[in-house]
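Report on the following structure.
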Amino acid sequence: MKHRFLATIGIAVGVLLCVNSLCAQQWTTVPAENFRMKGSFITDDNTVLLAGSITTDENPFARAALVKLFSDGQYELTSFPREEDKNVAFETVFPLPNGGYFVVGERYIVDYPSKLGDLLIIILDEDLNMLSEQAFQAEDFDGFDGSRSVIDDDGTIVVMATARRPGPMGRIDYNGVLFRFTQEGEMLQCRYLVADPPDPIAYMYSMFSFQILNDPYSDRIVVLGHGKNGIESVLLFDSEFNLIEDHMIADISIPDTVIHYLTCCYRVENCRSDYWYNENEILISAHQHDTTSGVHNHPHVLVGRMNLNGEITEKVDITKQDTLFYAYEGMSYVDDTTVYVITRCHTVNWSFPYYPHVYLLSTDLEILGRVELWDDLNYEGEVIATSDGGCVLLEISGEDWIHWDPIFRRFNRDDFHPISISVKETPLSDLHANAFPNPAKDELNIDLTGLSGNEVRRIRITDTSGRPCLDRIVHGEGNLLTLCLANLPSGIYSYVVYEGKNATISGKIVKE
């Protein structure tokens, strides 16, 4: 059954952002349907593919469904209402070179309270007609639990899933399973990543959350996820799914501290690591608990460069740890200058409502602008970059686990109104103060006299809550830094100019 609706073109919504209002936005909802989104993909022509299920009051997995969201704002919903599929949800959709689609789903064992089930591999043609379907049971496990990640590996499709069963000492044992399929859905390889011999305390391959990545520089498969004893790890596999290396993720700015739930926790669930700097470094977004400071329940979000040894060598915080509750959701990049990162703002104790915030960054770890949306009751969200430099924000809003309201928004890069900066040389007689005019309306000038210029210079502007509006590298020679603040909302802000790692110039400004 197919439904096609015209997207609603919305007026600008109220936001708190580094702008007073947004440019044109679009959003679309699915009328009279509760579509719960699980996986997504965007094609070269900016068509977004969404996999999920349609829920009802009687059954949270009533029908599997796919949504095509076209670049012109229209979309197409295709559901699979066969009687035998009433407990099926699609988890991931992946386009094939022939124009069809590789879909990973799950047939749930609804009598089981944890909603485990069988893994489904479905091949669709370009018109979403089903060509083949296979079901796989979890060997020696209770079932698969819904975590999925898919890549194209030299023409074959590699799928990583999670199988689950009760473990020793009252814990739950999550184990990764790697599959390799042809584009027609024929299984070529399967390996359960179970520690041998089993360790009752630390399971080498315990995979509750993960992301699988292509390594463009070799035939290795890279997995980010939970490794030994809940510690976040980078796992490297060869093409036969044999483990080559296993590295714990560590923040080198905190000596002798690995990343796990008892000290600093980087959660890689839903992490987007699309950008490779070189053969050994990737760009990641992460969600960090720093309990060494005595604050456990105030996570903050960062974007950083990480090598395949698990070392985070450079990072920038995009939220402030001691203000609001945040959880990251994902990252997507357009090119070498445009990265979008989505976070979730929790107002109180991780409860509803959740509000999506989207940041625009460069791959040099510069914060260029942000959008904060406060108008929807949000539970899940994802941001996908479009090939024209913009992005699509995919949200699922709802007050419970059954009723869902999908919201799709499109943004242009200009909607984030990044603050432009420039450096020039000016006579000393024209320098009136460290920052002038203050209050500022359209432009702010900062005196750089006295800086050596031998180290990397950086400017950071934060609002009264400590959240960054700008964090940029200062390029060029000169003694006067000029920032265009025309789109910055009125208020009080703090600025800091760094030379290397040292804060050399700082102060407060008033934006009229």
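Some observations on this one:
- Just so you know, in the stretch 193-218 the residues that are under 14 Å from residue 147 (Cα atoms) and not in a loop (DSSP other than H, G, I, E, B) include one that is modelled with the highest pLDDT, and it is 212.
For every residue, the table says whether it meets (1) assigned to a loop (DSSP other than H, G, I, E, B); (2) at pLDDT 85 or above.
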{"position": "394", "(1), (2)": "no, no"}
{"position": "400", "(1), (2)": "yes, no"}
{"position": "410", "(1), (2)": "no, yes"}
{"position": "414", "(1), (2)": "no, no"}
{"position": "419", "(1), (2)": "yes, no"}
{"position": "423", "(1), (2)": "no, yes"}
{"position": "429", "(1), (2)": "no, no"}
{"position": "438", "(1), (2)": "yes, yes"}
{"position": "445", "(1), (2)": "no, yes"}
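- In the stretch 481-497, residue farthest from the chain's Cα centre (by Cα) [restricted to those that are at pLDDT 85 or above and buried (at least 20 other Cβ atoms within 10 Å of the Cβ)]: 481
- Criterion applied to 85, 72, 44, 57 was being closer than 30 Å to residue 153 by Cβ, loosely packed, with under 13 Cβ neighbours inside 10 Å and modelled with pLDDT of 50 or more, and the one residue passing it is 44.
- Of all residues making up the stretch 467-512, the number that are within 21 Å of residue 417 (Cα to Cα), of a type in the set (D, E, K, R) and in a strand (DSSP E or B): 3
- For the stretch 176-192, the count of residues that are part of a loop (DSSP other than H, G, I, E, B), modelled with pLDDT of 90 or more, surrounded by fewer than 16 Cβ atoms within 10 Å (Cβ to Cβ) and of a type in the set (Val, Ile, Thr) is at least one.
- Filtering 316, 371, 339 for residues that are over 29 Å from residue 71 (Cβ atoms), modelled with pLDDT of 80 or more, within 17 Å of the chain's Cα centre (by Cα) and not charged (D, E, K, R) leaves a single hit, 316.
- Against the test of being surrounded by 14 or more Cβ atoms within 10 Å (Cβ to Cβ), over 21 Å from residue 316 (Cα atoms) and among the small types (Gly, Ala, Ser), the options 450, 466, 478 yield a single qualifying residue, 478.
- Meets criteria (in contact (Cβ under 8 Å) with a residue 60 or more places away in the chain, assigned to a loop (DSSP other than H, G, I, E, B) and over 20 Å from residue 369 (Cβ atoms)) for residue 454: no
- Some residue of the stretch 244-254 being at pLDDT below 75 and more than 29 Å from residue 385 (Cβ to Cβ): yes
The values are calculated or read from the model by the stated rules, or taken from the named source; none is laboratory data. From a predicted model like this one, the values you see are computed outputs, not experimental measurements. Positions of Cβ are generated from backbone atoms using ideal geometry, with glycine treated the same way; all protein chains shown enter the neighbour counts.
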